[in-house]
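Below you'll find the structure, written out as structure tokens, and then a few comments.
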Amino acid sequence: MPAAPLLELRRLVKNYGGVRALRGVDFELRAGEVHALLGENGAGKSTLIKTVTGAHEPTAGTIAIAGQPVTGLTPKRAHELGIACIYQQPALFPDLTVAENIALRLEPATASRRVDWRSRRERAAQLLARIGAAISPDSEVRSLSMPEQQLVEIACALGAGARIVIMDEPTASLTQKEQHLLFAVVRDLRKSGVGVIYISHRLEEIFDLADRVTVLRDGESVGTRQVRSSRGDEAGGPGLLTARPEPAEGSAATLTEAELIRLMVGREVAQIYPPSESAPGEVVLALRNVGCAASGVRDVTLDVRAGEVVGLAGLVGAGRTELARVLFGLTPADAGEISLRGAPVTLHSPQDAVAHGIAYVPEDRRRHGVVLDLPIAHNMTMAVHRRLFPDRWLRFGAEQALALDFIRDLAVKCAGPDAPGGSLSGGNQQKVSLARWLATKPKLLILDEPTQGVDVGAKSEIHRIVRRLAKDGLAVLLISSDLPEVIGMSDRIGVMRGGRLQAMLPGKSDPHDVMSAALGQGT
Amino acid sequence: MNRYFRELSVVGALGAVLIAMAVFAPAFYQPQPLLSLLTREAPTLVVACGMALVIICRQIDISVGSMFSVVSVCAGLLAARGWPLLLVLPVAMLLGALLGAFNGFLVAGLRLPSIVVTLATMVALRQGLNMVRQGEFVNMPDAVQWFGLSQSAGQWLMVAIALALLVALGLAMRHVAAGRFVYAVGTDAEAARLAGIQPQLVTFLVFVFIGAFTGLAAMMNIVQSPQVQPLSGMGLELKVIAAVVVGGVAISGGRGNLWGAFAGLLLLACVAPALTHLHIEAYWEKAIQGGIILLAVVADGVRSRKQN
């Protein structure tokens with residue numbers, strides 16, 4: 001009788017309100033396997049993890065662990081069933097020692113029991129030794145580096161007898177050397193029969209480490225493939241699964257890379273985007289080798305013309321928001337040259353940026369775009385006090401008029417200019433945030449994820465507004481993780497990766513090319 | 001239209017107390033004791049105006065009592081040396097503003113939590129004053145009393161100064177752009193920054209303002225008695241914060257106004273004379289004031305729970 005897979009998900013569905021985050025995912029994890037999970041931003045990877053760790057209950061579908069169907073999974077139950085998750089930012093107590101942290105996870109949560117310090121320390125030392133980590137059980141967690149903290153997490157997982165270990169982008173903040181150490185530990189886990197779900201954006205890691213890979217797209221699993229490593233597994237030693245195929249010479253790996261990318265982006269651009277109607281005019285923004293060490297932006301050279309929408313594509317953390325923050329003076333550039341309409345400028349503060357006609361509609365409108373407690377009218381005039389009220393004395397008539405103009409112009413659905421920003425839907429909040437910046441009569445408009453969490457109707461309204469603004473001569477820099485959107489809306493597409501502008505592609509490019517550039521693969 | 005419900009309910013409570021006094025203890029409404037009551041509260045109102053700004057900006061300043069004492073003693077010494085009051089007044093306000101600027105620099109410039117910063121300056125100023133002065137009183141020349149006016153004229157002038165400041169600042173908070181910046185920073189400093197407002201500058205300035213107002217309040221205090229007591233500002237911070245919070249200014253910032261703070265101040269100030277006139281023991285004053293504060297905080301908590 002063949003052993004049941006460690007974890008089996010069948011037709012898993014998860015709805016958040018009206019949003020379908022998972023639309024039917026099939027996934028299987030075997031013992032002694034590293035199974036990579038791949039997908040664009042928002043493809044449903046985090047949601048999938050949350051259902052497996054018991055943080056969220058699936059709306060429909062089944063979860064089976066070692067062949068046993070499990071319902072009503074809670075974090076505690078998942079822990080007992082041997083499921084452990086290692087996050088990018090380990091959730092340890094920084095002021096406690098390693099041994100104490102491990103003990104907190106493993107010992108029963110009863111307040112009135114004797115603490116056996118010696119056995120605590122011994123167990124911690126044993127677990128750490130098992131994964132080959134040179135960490136003293138007595139060191140405080142705050143003194144450890146990020147990868148060391150991840151190792152402590154893994155030690156906790158081992159100590160709890162975890163059979164299923166989930167790693168969510170574990171290498172995002174690691175150096176090359178730390179990464180090798182971590183990979184060695186993962187290979188050891190595999191050798192001891194643990195099933196590892198490995199989430200990463202880095203294709204090379206997947207080829208280096210994974211046995212199989214499942215691709216998620218729009219909340220569905222679109223395919224599971226056997227990984228054919230082109231490099232072998234030099235650090236794995238005898239722990240390698242004997243079933244793993246010998247490294248094939250030549251282009252096997254590249255073929256699979258291309259196939260993976262095709263799986264990730266394989267959707268048609270279903271939505272109709274408003275056509276570009278404007279001929280690009282003068283260069284409004286010119287960047288020459290712009291960099292900012294503090295935020296990791298490096299060597300960006302880019303032009304944005306009047307009447308043009310330039311999209312910025314890339315994965316989360318590729319440096320797109322960081323570039324926007326450089327341009328808005330929030331983290332000033334320390335290298336290169338920024339020119340606006342031909343004149344070099346220094347942008348050291350948002351005030352500088354506004355004075356030069358730059359507007360930035362930030363990413364997280366609930367946190368930074370709209371002040372939820374303040375009325376819509378106050379929100380809309382927040383950036384134009386100097387111009388609207390030259391003598392500093394507020395004129396409520398002028399303010400109401402401006403607010404009413406924008407409410408009509410952008411079709412903001414609200415009870416009136418005095419309604420608080422928090423009373424609006426996401427799409428309408430975004431319009432208020434947009435209105436605040438349009439009121440400054442900018443020359444360059446930077447939109448950071450303008451349609452994130454916005455319903456479909458409001459989304460296409462925002463698209464039409466952006467197009468109309470471009471037609472009226474505004475230069476628009478559009479940051480979006482929504483691949484069809486950034487392709488459909490942009491006249492040109494800049495693809496960022498690791499803080500650099502990786503490629504400059506024409507509008508309506510093949511999604512495959514954009515994703516390849518974002519992943520750092522040649523096409 | 002319940003935007004000002006919170007403020008109106010405090011005004012309603014104050015009204016109820018005043019009506020109750022008219023019915024049960026009409027003697028409360030004698031002009032001279034009432035004027036004295038208002039005069040006593042005038043310096044508190046001036047500081048409360050500053051405290052309302054600070055709390056709306058999502059900060060707190062518990063060093064006002066110590067600042068008040070330091071400025072009182074310094075201004076008293078200058079006046080005792082024969083400096084003209086018209087010169088002592090701006091010097092006192094400037095000294096207050098400088099002390100406030102020090103707090104503001106630590107909070108806004110170094111981004112330290114205001115409760116800790118002002119706790120430190122509260123203790124440091126108080127102890128510094130004790131060390132230098134050893135608790136000695138300052139005797140004031142007669143000419144300083146009531147700004148050199150008659151007692152009742154001086155009292156009216158004092159009440160007028162406090163009310164004028166209240167009205168000017170209250171209007172400014174609603175009608176001047178800078179006032180709205182205080183609300184924006186208090187609600188969401190990062191959102192305000194992204195809208196081109198300078199949250200650190202706004203925060204610094206509210207501390208300067210409360211310092212200057214405390215300086216003014218100290219002046220208004222020293223002209224009321226022939227001696228300056230170095231302990232005169234003890235407990236002022238609690239009184240002022242209580243008034244502001246009872247008046248509906250959210251301790252979490254961004255909400256409330258000066259009119260409410262004024263109503264809160266009057267409500268708390270009425271407790272002691274009301275008790276006297278109703279022949280209830282004065283021990284109850286603090287308990288009743290505490291009850292009012294609790295009630296206000298609970299009301300705010302319930303309301304914000306409902307909103308979410």
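The values are calculated or read from the model by the stated rules, or taken from the named source; none is laboratory data. All figures in this text were calculated on a predicted structure; none of them were measured in a lab. Quick reminder, even Gly has a Cβ in these numbers, built from the backbone with ideal geometry, and neighbours come from all protein chains shown.
Applying the condition of being modelled with pLDDT under 80 and of a type in the set (S, T, N, Q) to the stretch A:108-146 and asking which residue is nearest to A:Val185 (Cα to Cα) yields A:Thr110.
Rundown of residues vs (1) assigned to a loop (DSSP other than H, G, I, E, B); (2) within 22 Å of B:Ile62 (Cβ to Cβ), yes/no style:
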{"position": "B:Ala243", "(1), (2)": "no, yes"}
{"position": "B:Ile251", "(1), (2)": "yes, yes"}
{"position": "B:Gly256", "(1), (2)": "yes, yes"}
{"position": "B:Leu265", "(1), (2)": "no, yes"}
{"position": "B:Leu268", "(1), (2)": "no, yes"}
{"position": "B:Ala287", "(1), (2)": "no, no"}
{"position": "B:Ile292", "(1), (2)": "no, yes"}
{"position": "B:Val298", "(1), (2)": "no, no"}
{"position": "B:Arg305", "(1), (2)": "no, no"}
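Within the stretch A:453-475, is even one residue free of Cβ contacts under 8 Å to residues at least 40 places away in the same chain, in a loop (DSSP other than H, G, I, E, B) and aliphatic (A, V, I, L, M)? Yes, the conditions are met somewhere in the stretch A:453-475.
It is to be established whether one or more residues within the stretch A:340-352 are under 25 Å from A:Gly416 (Cβ atoms), facing chain B (nearest Cβ under 10 Å) and surrounded by fewer than 18 Cβ atoms within 10 Å (Cβ to Cβ). No; the residues of the stretch A:340-352 include none that is under 25 Å from A:Gly416 (Cβ atoms), facing chain B (nearest Cβ under 10 Å) and surrounded by fewer than 18 Cβ atoms within 10 Å (Cβ to Cβ).
For the stretch B:117-203, the helices (runs of 4 or more DSSP H) that sit wholly inside it and include 2 or more residues that are crowded, with 20+ Cβ neighbours inside 10 Å and more than 12 Å from every other protein chain (Cβ to nearest Cβ) are B:151-175.
Among the conditions (1) within 21 Å of the chain's Cα centre (by Cα); (2) free of Cβ contacts under 8 Å to residues at least 60 places away in the same chain, the only one that A:Ser139 does not satisfy is (1).
Filter the stretch A:317-330 down to residues that are more than 12 Å from chain B (Cβ to nearest Cβ) and assigned to a loop (DSSP other than H, G, I, E, B) and give me whichever is nearest to B:Leu194 (Cα to Cα). The extreme case among them is A:Gly319.
Taking the stretch B:204-233 as the range and being of a type in the set (A, V, I, L, M) and either modelled with pLDDT under 90 or in a helix (DSSP H, G or I) (or both) as the test, the residues that pass are B:Leu205, B:Val206, B:Val208, B:Ile210, B:Ala212, B:Leu216, B:Ala217, B:Ala218, B:Met219, B:Met220, B:Ile222, B:Leu231.
For A:Ser139, the requirement of being over 25 Å from A:Ser46 (Cβ atoms), surrounded by fewer than 20 Cβ atoms within 10 Å (Cβ to Cβ) and of a type in the set (Ser, Thr, Tyr) is met. Of the residues contained in the stretch A:324-347, none is found to be touching a residue at least 12 places away in the same chain (Cβ under 8 Å), in the same structural domain as A:Ile446 (by TED's automatic domain parsing), of a type in the set (S, T, N, Q) and within 22 Å of A:Met489 (Cβ to Cβ). In the stretch A:418-452, which residues are assigned to a loop (DSSP other than H, G, I, E, B), farther than 17 Å from A:Leu474 by Cα and within 12 Å of chain B (Cβ to nearest Cβ)? Those that are assigned to a loop (DSSP other than H, G, I, E, B), farther than 17 Å from A:Leu474 by Cα and within 12 Å of chain B (Cβ to nearest Cβ): A:Asp418, A:Ala419.
Results for (1) in contact with a strand residue (DSSP E or B) (Cβ under 8 Å, 6 or more places away or on another chain); (2) of a type outside the set (D, E, K, R); (3) outside any helix (DSSP H, G or I), shown as yes or no for each residue.
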position	(1), (2), (3)
A:Pro90	no, yes, yes
A:Asp95	yes, no, yes
A:Ile102	no, yes, no
A:Gln149	no, yes, no
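Has the stretch B:25-35 got at least one residue that is surrounded by 16 or more Cβ atoms within 10 Å (Cβ to Cβ), modelled with pLDDT under 95 and under 19 Å from the mean Cα position of the chain (by Cα)? The answer is yes, given that some residue of the stretch B:25-35 is surrounded by 16 or more Cβ atoms within 10 Å (Cβ to Cβ), modelled with pLDDT under 95 and under 19 Å from the mean Cα position of the chain (by Cα). State whether one or more residues within the stretch A:397-415 are within 11 Å of chain B (Cβ to nearest Cβ) and either aromatic (Phe, Trp, Tyr) or surrounded by fewer than 14 Cβ atoms within 10 Å (Cβ to Cβ) (or both). Scanning the stretch A:397-415, I find no residue that is within 11 Å of chain B (Cβ to nearest Cβ) and either aromatic (Phe, Trp, Tyr) or surrounded by fewer than 14 Cβ atoms within 10 Å (Cβ to Cβ) (or both), so the answer is no.
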